[in-house]
Protein chains: 2
Amino acid sequence: MPDPAGERQNLGLLCFYPHRALEARLLAALVAAGFDDITTAQGRIAARIAPGGTRLTALAEQALVTKQTAGHLVDQLERAGYVRRVPDPTDARARLVQMAERGEAVVAVARRVEAEVEAEWTAHLGEEAAAQLRAALERLREVTDPYR
Amino acid sequence: MPDPAGERQNLGLLCFYPHRALEARLLAALVAAGFDDITTAQGRIAARIAPGGTRLTALAEQALVTKQTAGHLVDQLERAGYVRRVPDPTDARARLVQMAERGEAVVAVARRVEAEVEAEWTAHLGEEAAAQLRAALERLREVTDPYR
DNA sequence: ACCATCTCGTCAGAGGATCTGACCATCGTC
DNA sequence: GACGATGGTCAGATCCTCTGACGAGATGGT
């Protein structure tokens, strides 16, 4: 990962700063809202739960962790009441991880903070540059996200 | 951190994909080059060592970890021969973490991979869009990197 | 139906990464 | 010189992540 404090930083590293900043803002806001028992790792898993529920294996794939790790994190989220596991009606081996009520409350807070942060960034960059940034990142995702 | 598999992803999450892709590419290339005893956490610290050496506290600040964590990672890097610690001539309390020969070799590989990846991304986006992306990310860094 | 094979998820165990708290040596300043 | 601030370490705990092994259910060919 080496990259000096030099002038021209690589694009990957430049991408890191906004991501880290958002994650820190989110975590702080969640703690402030009383959800102080959540970790970033749990959040990264929870963030990938689709409306109807998502299989553990799918969560693991998208988050780029092993299914053991994902299972461990879902255990914690379940114990804390953020998610629940229900049988998958289409496959008796599988179970769907769904948001519980408490989980939905967290998502609501997260959505608000995300919108806030994005508004700040847009204000800093200007509408047009922000839109271009989004477009470029979305196109970049085509070649950098194996699970798009 | 929650963010659904929904349509319009937030900018922070969009930033994550390129960063993760680059880090994975780097790690794979380093392993392929025989540097198979390095971890991403070590890399994130090593990446911030300036040419003349950097203090532990500075490394910790920039990587956003505690100085204990940074010290632990530098211990490993030192044991593996990637870096060395030398006394700071300007302050008897402090020591400078410097790249050792083996560390320089890693940096060389990393530089090459970074350039490769950036060339691929530029090819995908087009010269102009890539330049705009870089410019936007650099401006965004002004408000997202506390240690710029 | 049946069997080989794959997929979904779990259990067990180990190694890393990261934090908090306590502590010492040195620096800078009044 | 005395005192608060800074650089770094030690100790201990917690969380995250992985590898390996495994059982239960699905799938496809015969």
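Nothing in this text is a laboratory measurement; each read-out follows from the coordinates by a stated rule. Source: prediction; values computed, not measured. No Cβ is skipped: glycine too gets one built from the backbone with ideal geometry, and neighbour counts run over all protein chains shown.
Yes/no matrix, rows are residues, columns are (1) of a type outside the set (Lys, Arg); (2) more than 16 Å from DNA strand D (Cβ to nearest atom):
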| residue | (1), (2) |
| --- | --- |
| B:69 | yes, no |
| B:77 | yes, no |
| B:85 | no, no |
| B:97 | yes, no |
| B:106 | yes, yes |
| B:113 | yes, yes |
| B:116 | yes, yes |
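When residues in the stretch B:32-58 are screened for being surrounded by fewer than 18 Cβ atoms within 10 Å (Cβ to Cβ), at the interface with another protein chain (Cβ under 8 Å from one of its Cβ atoms) and more than 11 Å from DNA strand C (Cβ to nearest atom), 2 of them pass. When we screen B:106, B:65, B:97 for residues that are aliphatic (A, V, I, L, M) and near DNA strand C (Cβ under 9 Å from one of its atoms), the only hit is B:65.
Taking the condition within 13 Å of DNA strand D (Cβ to nearest atom) and within 8 Å of chain A (Cβ to nearest Cβ), does residue B:73 pass? No. The residue that is nearest to the other protein chains (Cβ to nearest Cβ), counting only those in the stretch A:6-24 that are within 16 Å of DNA strand C (Cβ to nearest atom) and either in contact (Cβ under 8 Å) with a residue 40 or more places away in the chain or under 24 Å from residue A:78 (Cβ atoms) (or both), is A:21. One residue stands out among those in the stretch A:73-107 that are in contact with a Pro (Cβ under 9 Å, 6 or more places away or on another chain) and assigned to a helix (DSSP H, G or I): the one that is surrounded by the fewest Cβ atoms within 10 Å (Cβ to Cβ), which is A:107.
Restricting attention to the stretch A:37-67, report how many residues are more than 8 Å from DNA strand D (Cβ to nearest atom), hydroxyl-bearing (Ser, Thr, Tyr) and not in a helix (DSSP H, G or I). Total satisfying the criteria: 1.
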